[in-house]
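Right, one structure below, let's go through it.
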Amino acid sequence: MSKKRTGVFVCHCGTNIAATVDVAKVAKEMAGEDTVAFTKEYVYMCSEPGQESVVQAIKDNKLDSVVVTCCSPNLHEKTFRDNATRAGINNFTCEIANIREQCSWVHNDKAKGTEKAIKISRSVVRRVNRNQPLDAIAVNVTRRAMVIGGGVAGIQAALDIANAGVEVVLVEKQATIGGRMLQLSETFPTLDCSQCVLSPKMVEVKRHPKIKLMTYSEVQELTGSVGNFQVKALKKPTFVDPDKCKLCDECTAVCPVVVPNEYELNLTARRAIYIPYAQAIPASFTLDESVCLGLNPIVCGKCKDVCEADAINYDMRPETVTEDVGAIVVATGFDLYGQENMGELGGGKIEDVLDGLQFERLCSASGATKGHILRPSDHTEPKNVVFIQCVGSRDPAKHCAYCSKICCMYTAKHAQLYKHHVPDGRAYVFYIDIRSGGKGYEEFVQRTMEDNDTLYLRGRVSRLYRHNGKVRVLGTDTLSGQNVEIDADMVVLALAMVPSKGTTEIAKVLKIGRDKDGFLAEAHPKLKPVESVTAGIYLAGAAQAPKDIPETVAQAGAAAAKVIALLSQATLSRPPLIARVRRSHCTGCGMCVDACPFIAIRLENGKAVVNEALCEGCGSCSATCLRAAIDVKNVTQLQIYEMIEACLAV
Amino acid sequence: MSEQQVYEPRVVAFLCKWCSSAGSDLAGVSRIQYPANATPITVPCTGAISPMYIMSAFNKGADGVLVSGCHIGDCHYIEGNYLARRKMQLIMELLEFIGVEPNRFRMSWVSAAEGAKFAQVITDFVNDLKPLGPQEKLKKAEHS
Ligand SMILES: Cc1cc2nc3c(=O)[nH]c(=O)nc-3n(C[C@H](O)[C@H](O)[C@H](O)COP(=O)(O)OP(=O)(O)OC[C@H]3O[C@@H](n4cnc5c(N)ncnc54)[C@H](O)[C@@H]3O)c2cc1C
Ligand code: SF4
Ligand code: SF4
Ligand code: FES
């Protein structure tokens, strides 16, 4: 192998790097490396003139390899590899040495920072010495997408993708699509009816020729990679044939099992056979196996007996299906932080203390009280209601550190709805701040305060307890400095939004990252807000962060656009950093075959052979092979040894 | 570094690309300060780390070696970190057997969201290495 001619480009990143790393010294040290033919430092290497100077230097100095010492490769590896291509050399001979995130930003001693930056840079120069020119692998694209989660985010994404002519599989865990939005009564800031806007979209999903709807289903396993995923999903049996079910409701009248209705947030009960809501899609009843007496005519069988449509089939079995898709949108939504976590506010044990979603159901015409606001304890109309904001939010010591963003708005809405339903009632709102950024939002809150004479009290509530058939609220009004004591007929807690249980589960299955609060992590907080860290998997809605419906719909549309753009390519390129066998060294022991998580290696004529379509480049094989006969390209054992050496050279 | 200065352990930190390297990036973005003793080498996965790398680092004069990857169950390559955990257990035993303090080697799980944890892991490791003094046992003469 003839000696490399490497160019090292040291970026100052303004003062981001230069303040803690002596960039001139880094460049000088690198110039002393045997294979380095050129060095340059520049204030912003990623700027247009910076990039041009890289291209020019490669050409002028006949460089064959490039090391840019700058920020994380996640930011500019592609930028500089593209420059290598533009300069006419192979892009895989360009590597990044991260001396910003992993060095200048985390150290303040310039001497030590510089020493470490030199070690990092030198290790990457040594690595590049043995980098080989590689070509990206072209793979065909499966022109089909999957959307996981059928709330408003998933519905919007599925429709947008399907309307572009791409087939979509929409997987929803519950018996109906619609998500939380279907539980809402009216929505801020226009007070339009939630179901009225959502139901037509749900019907469109059901009828769309390009959408395959899988409700009551869960994703179990993901294999493959961008452009060619295989998703294994379990379709749970509903024991009711949706095509035959006539929605006559005869079955619920005879079912002897009564359990809390989770779709009504346990404010009412349902039977073992039930329909989540009148607007459910698919429009069909579902038999909940977990509480049914036994799916057996000998034990019960009442529902089957009364079903004239013969829609009930006790022999339905779970079905596992594998779907091939090129891209995935995850839209698995949120849950409310459980009241049981709020010990100081009764921990969910005090009657007539509700959460925001329960209050939505009380206001909703389709809810248990048919749109009359009645106290759960005695079904009377509450004449004064206390709304408490920021419950569980903005409390890093005990609960969630973040702001749930939408509670100020929906509490203002709740106060308005309450006054519409109970004009002679009185509403109190405890708040810390009012955050009403958004089109028409501030005006909406002002309307609540003025037109509906709702009393806003700035301060926290310290205690709630039952007192003479009411809920006593003890708090402080920090503006007047007075303690406040209110005997409320009902209390509504604006509990923090947390990632749904299904979001936590799906993150594990898909191996996509979550942030410190458990929401799905975007690939970059500013520039890639709808991409997950895994190529080909996109994020939408409240699973990514607390957000309201307009923002959810916007993000769903953005995710859909990304999917359409991705799937409109005929082929995709896959990084060629996969395993290669040195046949001369391989003894055919087969250790790597067992180590490979992707079953990508087989033995052929006593030598290991890698299936390039299956290899993901994890390197487990190379760490296992005792003879260093198998390596991941451009991350070979030899390269790592030389990097180790560079990291320890004094 | 001259011998008169306070002893600063030299650490090689092998980080998997998907979690711990991303976590170290987050520590950077959040500007969380930690000691500069550890030089990172990013590898595809902890499963790609041969036990020989760790021995090689000690040979070449490392006072401590860190391996950090995705939380168990979260490995981007499904089971790379299970393989790693088993191998690294062997390393601990081997080090003990040949008379090197096993706590010169550490394994940690740091996700992409755990910038603060990454900084803490490095800080703790460096602090724990200091009382042990320089690692001489495995160091080859030519690297001293
Ligand atoms: C009390 C309250 C009042 C609100 N009022 C308003 C308002 O007036 N105006 C407004 O703009 N916003 C309002 N919001 C916010 C609104 O509810 C959300 O913005 C919206 O529901 C987010 O939609 P989503 O699709 O992201 O999530 P969700 O609605 O939570 O839907 C997620 C879906 O994914 C499914 N799912 C979860 N896990 C899985 C899995 N692993 N596999 C398959 N499926 C899965 C769930 O079953 C669910 O159907 C309110 C929120 C609350 C709590
Ligand atoms: S482990 Fe190494 S020697 Fe054994 S079969 Fe695999 S490549 Fe060949
Ligand atoms: S790098 Fe090796 S172990 Fe990993 S997928 Fe490829 S062949 Fe299998
Ligand atoms: S990718 Fe992080 S441990 Fe495997």
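Cβ-Cβ distances below 6 Å connect no pair with a first residue in the range A:507-523 that is polar (S, T, N, Q), a second residue that is open to solvent by 30 Å² or more (accessible area, probe 1.4 Å), and a separation of six or more residues or different chains. Restricting attention to the range A:184-231, the residues that are in a loop (DSSP other than H, G, I, E, B) and hydroxyl-bearing (Ser, Thr, Tyr) add up to 4.
Using the structure shown, decide if B:GLY115 is farther than 18 Å from B:LEU15 by Cβ and within 11 Å of chain A (Cβ to nearest Cβ).
Values: farther than 18 Å from B:LEU15 by Cβ: no; within 11 Å of chain A (Cβ to nearest Cβ): yes.
Spelling it out, it is not the case that B:GLY115 is farther than 18 Å from B:LEU15 by Cβ and within 11 Å of chain A (Cβ to nearest Cβ).
To keep it simple, each residue is scored yes or no on (1) part of a helix (DSSP H, G or I); (2) among the acidic types (Asp, Glu).
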{"position": "A:LYS246", "(1), (2)": "no, no"}
{"position": "A:TYR263", "(1), (2)": "yes, no"}
{"position": "A:LEU267", "(1), (2)": "no, no"}
{"position": "A:ALA280", "(1), (2)": "no, no"}
{"position": "A:SER284", "(1), (2)": "no, no"}
{"position": "A:ASP305", "(1), (2)": "yes, yes"}
{"position": "A:GLU308", "(1), (2)": "no, yes"}
{"position": "A:ASP315", "(1), (2)": "no, yes"}
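All of B:LEU129, B:LEU66 fail the test of being surrounded by 21 or more Cβ atoms within 10 Å (Cβ to Cβ), more than 21 Å from A:THR534 (Cα to Cα) and within 15 Å of ligand 4 (Cβ to nearest atom), apart from B:LEU66.
Of the strands (runs of 3 or more DSSP E) lying entirely inside the range A:452-508, those carrying at least 3 residues that are under 25 Å from A:GLY518 (Cα atoms) are A:490-495, A:497-499.
The number of residues in the range A:157-175 that are open to solvent by 20 Å² or more (accessible area, probe 1.4 Å) and either in contact with a Cys (Cβ under 9 Å, 6 or more places away or on another chain) or within 17 Å of A:ALA565 (Cβ to Cβ) (or both) comes to 5. Of the residues making up the range A:338-368, those that are outside any helix (DSSP H, G or I) and in contact with a helix residue (DSSP H, G or I) (Cβ under 8 Å, 6 or more places away or on another chain) number 10.
Tally time: how many residues in the range A:624-650 are within 7 Å of chain B (Cβ to nearest Cβ) and either farther than 16 Å from A:HIS585 by Cβ or near ligand 2 (Cβ under 10 Å from one of its atoms) (or both)?
Qualifying residue count for the region: 8.
Taking the listed residues A:GLU612, A:GLU616, the one that is modelled with pLDDT under 95, surrounded by 18 or more Cβ atoms within 10 Å (Cβ to Cβ), within 13 Å of ligand 3 (Cβ to nearest atom) and not in a helix (DSSP H, G or I) is A:GLU616, with no other qualifying. Scanning the range A:599-609 for residues that are open to solvent by 50 Å² or more (accessible area, probe 1.4 Å) and within 27 Å of B:ARG85 (Cβ to Cβ), we see that the one that is farthest from ligand 2 (Cβ to nearest atom) is A:ILE599.
Filter the range A:72-104 for residues that are more than 16 Å from A:LEU577 (Cβ to Cβ) and assigned to a loop (DSSP other than H, G, I, E, B); which is farthest from the other protein chains (Cβ to nearest Cβ)? For the range A:72-104, the residue satisfying everything is A:GLY88.
For the range A:379-398, what are the residues that are of a type outside the set (Gly, Ala, Ser) and open to solvent by 70 Å² or more (accessible area, probe 1.4 Å)?
Kept after step one, since they are of a type outside the set (Gly, Ala, Ser), are these residues of the range A:379-398: A:379-391, A:394-396, A:398.
Residues satisfying the conditions are A:HIS379, A:GLU381, A:LYS383, A:PRO396, A:LYS398.
Restricting to the range A:509-531, and then to whatever is assigned to a loop (DSSP other than H, G, I, E, B) and away from chain B (no Cβ under 12 Å), can you tell me which residue is surrounded by the fewest Cβ atoms within 10 Å (Cβ to Cβ)?
So in the range A:509-531, the residues assigned to a loop (DSSP other than H, G, I, E, B) come out as A:511-513, A:515-519, A:521-523, A:525-527, A:529-530.
Filter once more, so that each one left must be away from chain B (no Cβ under 12 Å): A:527, A:529-530.
On the way: A:LEU527: 9, A:PRO529: 15, A:VAL530: 22.
Only one residue fits best here, namely A:LEU527.
Does A:GLY392 satisfy being assigned by TED's automatic domain parsing to the domain that holds A:LEU222 and under 24 Å from the mean Cα position of the chain (by Cα)? Spelling it out, it is not the case that A:GLY392 is assigned by TED's automatic domain parsing to the domain that holds A:LEU222 and under 24 Å from the mean Cα position of the chain (by Cα).
Which residues, counting only those in the range A:578-596, are of a type outside the set (A, V, I, L, M) and within 16 Å of ligand 4 (Cβ to nearest atom)?
Narrowing the range A:578-596 to residues of a type outside the set (A, V, I, L, M): A:580, A:582-590, A:592, A:594, A:596.
Result: A:CYS596, single match.
Of the residues A:VAL498, A:VAL484, only one is of a type in the set (Val, Ile, Thr) and buried (at least 22 other Cβ atoms within 10 Å of the Cβ); which?
Details: A:VAL484 fails: buried (at least 22 other Cβ atoms within 10 Å of the Cβ).
Just one listed residue meets the conditions, A:VAL498.
Of the residues making up the range B:75-103, those that are free of Cβ contacts under 8 Å to residues at least 60 places away in the same chain, within 14 Å of chain A (Cβ to nearest Cβ) and not hydrophobic (A, V, I, L, M, F, W, C) number 6.
Within the range B:31-72, count every residue that is part of a loop (DSSP other than H, G, I, E, B), more than 7 Å from chain A (Cβ to nearest Cβ) and modelled with pLDDT of 95 or more. Working first, answer last.
Initial filter on the range B:31-72 (part of a loop (DSSP other than H, G, I, E, B)): B:31-37, B:44-45, B:49-50, B:60-63, B:70-72.
If we keep only those that are more than 7 Å from chain A (Cβ to nearest Cβ) as well, we get B:35, B:37, B:63, B:70-72.
Restricting the remaining residues to those that are modelled with pLDDT of 95 or more gives B:35, B:37, B:63.
Residues in the range B:31-72 being part of a loop (DSSP other than H, G, I, E, B), more than 7 Å from chain A (Cβ to nearest Cβ) and modelled with pLDDT of 95 or more: 3 in total.
Among the residues of the range B:1-24, those that are open to solvent by 10 Å² or more (accessible area, probe 1.4 Å), under 18 Å from A:SER123 (Cβ atoms) and in contact (Cβ under 8 Å) with a residue 24 or more places away in the chain comprise B:ARG10, B:LYS17. I'd like the full set of residues that are within 15 Å of A:LEU191 (Cα to Cα) and either touching a Gly at 6+ places or on another chain (Cβ under 9 Å) or open to solvent by 60 Å² or more (accessible area, probe 1.4 Å) (or both), limited to the range A:433-445. If the condition is that a residue be within 15 Å of A:LEU191 (Cα to Cα) and either touching a Gly at 6+ places or on another chain (Cβ under 9 Å) or open to solvent by 60 Å² or more (accessible area, probe 1.4 Å) (or both), then A:LYS439, A:GLU442, A:GLU443, A:PHE444 are the ones that fit. Taken together, the residues in the range A:105-122 that are open to solvent by less than 10 Å² (accessible area, probe 1.4 Å), under 21 Å from B:GLN120 (Cα atoms) and part of a helix (DSSP H, G or I) amount to 4. Within the range B:72-95, can one find any residue that is open to solvent by 20 Å² or more (accessible area, probe 1.4 Å), acidic (Asp, Glu) and within 17 Å of the chain's Cα centre (by Cα)? Looking through the range B:72-95, at least one residue is open to solvent by 20 Å² or more (accessible area, probe 1.4 Å), acidic (Asp, Glu) and within 17 Å of the chain's Cα centre (by Cα). Given the residues A:CYS596, A:CYS647, which is the only one that is buried (at least 21 other Cβ atoms within 10 Å of the Cβ) and at pLDDT below 95? One residue alone meets the criteria, A:CYS596.
If you check A:PRO575 against the conditions, is it crowded, with 16+ Cβ neighbours inside 10 Å and out of contact with any Lys or Arg (no Cβ under 7 Å at 6 or more places or on another chain)? Break it down stepwise before answering.
Numbers: crowded, with 16+ Cβ neighbours inside 10 Å: no; out of contact with any Lys or Arg (no Cβ under 7 Å at 6 or more places or on another chain): yes.
No: the conditions fail for A:PRO575.
If you check A:GLN174, A:GLN156, which single one turns out to be polar (S, T, N, Q), more than 14 Å from chain B (Cβ to nearest Cβ) and part of a loop (DSSP other than H, G, I, E, B)? Result: A:GLN174 is the single residue among A:GLN174, A:GLN156 that is polar (S, T, N, Q), more than 14 Å from chain B (Cβ to nearest Cβ) and part of a loop (DSSP other than H, G, I, E, B).
The values are calculated or read from the model by the stated rules, or taken from the named source; none is laboratory data. What you see is a predicted model; the values in this text were computed from it and never measured. Don't worry about glycine lacking a Cβ; one is built from the backbone with ideal geometry, like all the others, and counts go over all protein chains shown. When the accessible area is computed, the model is the full protein with side chains, heavy atoms only, and any ligands, DNA or RNA have been set aside. Shrake-Rupley method; radii C 1.70, N 1.55, O 1.52, S 1.80 Å.
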